[in-house]
1. Pairs of Cα atoms under 8 Å, at least six residues apart: use those to get the relative contact order of segment A:93-141, whole percent.
2. Principal axis lengths of the protein assembly as shown from Cα atoms, whole Å, largest first?
3. Residue-wise, which Karplus ³J(HN,Hα) couplings in Hz belong to segment B:93-100, taking 6.51 cos²θ - 1.76 cosθ + 1.60, θ = phi - 60°, and x for glycine or proline?
4. Please work out the Cα center distance from segment A:41-80 to segment B:58-83, rounded to the nearest Å.
5. Decide, for segment B:10-88, between rounded, prolate and oblate: order the square roots of the alpha carbon gyration tensor eigenvalues as a ≥ b ≥ c, take rounded if a/c falls under 1.5, and otherwise choose prolate if a/b is larger than b/c, else oblate.
6. Placing a label point 7 Å from Cα toward Cβ, how far apart in nm is B:ASN53 from its equivalents in the other copies, listed shortest first to one decimal?
7. Cα axis of helix A:10-19 to longest principal axis of chain A: angle in degrees, 0 to 90, nearest 10?
8. Given springs between every Cα pair under 10 Å in a Gaussian network model of chain A, which of A:ALA76, A:ALA50, A:ALA96 has the largest fluctuation?
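What follows is calculated from the coordinates using simple rules that are stated; it is not laboratory data. Small disclaimer: the values here were computed from a predicted structure and weren't measured. Neighbour counts are summed over all protein chains in view; Cβ atoms, including those assigned to glycine, are modelled from backbone coordinates with ideal geometry.
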2 protein chains.
Amino acid sequence: MINAENRIDMKTLQEYLIKKGINPSFQRLKILEYLMENNTHPTVDNIYNALINIIPTISKTTIYNTLKLFVEKNLAQTITIDENEVRYDGNVEPHAHFKCIKCGKVYDIKIDSANFDYNEVDGHKVLECHIYFKGICKNCINM
Amino acid sequence: MINAENRIDMKTLQEYLIKKGINPSFQRLKILEYLMENNTHPTVDNIYNALINIIPTISKTTIYNTLKLFVEKNLAQTITIDENEVRYDGNVEPHAHFKCIKCGKVYDIKIDSANFDYNEVDGHKVLECHIYFKGICKNCINM
DNA sequence: GTATCTGCAAAACATTTGCAATTCT
DNA sequence: AGAATTGCAAATGTTTTGCAGATAC
């Protein structure tokens, strides 16, 4: 879906929203575009601060509403790697995350899908499995 | 540390706090006792509502302060399995958690320590590894 | 014209902070 | 008395809610 310059055309995004049963308003398109083009696991505030330059009238309420809708329709997932900061990820495939305690950046980590393949643990039915790491990222380790 | 009735005597708790470099005030002892006797991964509110019956003057500020101190001194760890609810766990050994999406209960899951033994992922230095599952617990699955 | 979507303002929560009162030794 | 601890009240920050106006079909 993403080309070499990490840009996605609006038409593709629009079709994606419709396919998922979401009315493709301009705000929703831009929020989806931001999620797709930046795999930085943004907070609501991150998205708001980026989009206020493009849509000066956008409100945080709309961002909250839209992200909630995206999570319900499985276009995004929430990441709660740290207390008091909910982040959003447009990648809904199973994968792990790594958060650097120095720079705060959150990286995607590919994990052997076998490690994710729990049907049950201790007799409980497993529907989701989340894995995250904390430490020093490779950019910070040499500083 | 815990006997058959899941009760711990105050003397033992007091020695534990002192060993960890914490002045054993009555409030701190009771918060530690609650954590140790209830492995229910309580929120600040859970602890407050339980202790207000024992110490009618206790404040949430004290609970926040004390838990922060316990985490610093490695007597407890925070669990952020769901956005907007920080839970505390008196078990600081590496282990996974399972949260039931029906009843909301959080269970401890023993995990082969080999699965926790990452030194590095993708070149990043790993200091902590957290794993949690969501699904339907064995008590809710037959209801 | 009716449904939906947006965004302001207020409300609802959780957590932190400043500070004064209390407790402990 | 002096240092640490506690707890009230206010501040902060994030997310939700109610609702009125705007937009889309």
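1. Working: 59 pairs, mean separation 23.4, N = 49.
So the answer I get is 48 percent.
2. 69, 54, 42
3. Calculated HN-Hα couplings, in order: 6, x, 7, 9, 10, 10, 10, 7 Hz.
4. After rounding, the separation between the Cα centres reads 30 Å.
5. On the way: a/c = 1.74, a/b = 1.24, b/c = 1.41.
Because a/c hits 1.5 or more and a/b fails to exceed b/c, segment B:10-88 counts as oblate.
6. In nanometres, ordered from closest: 5.5.
7. So the helix axis and the longest Cα principal axis differ by about 70 degrees.
8. Fluctuation is largest for A:ALA50.
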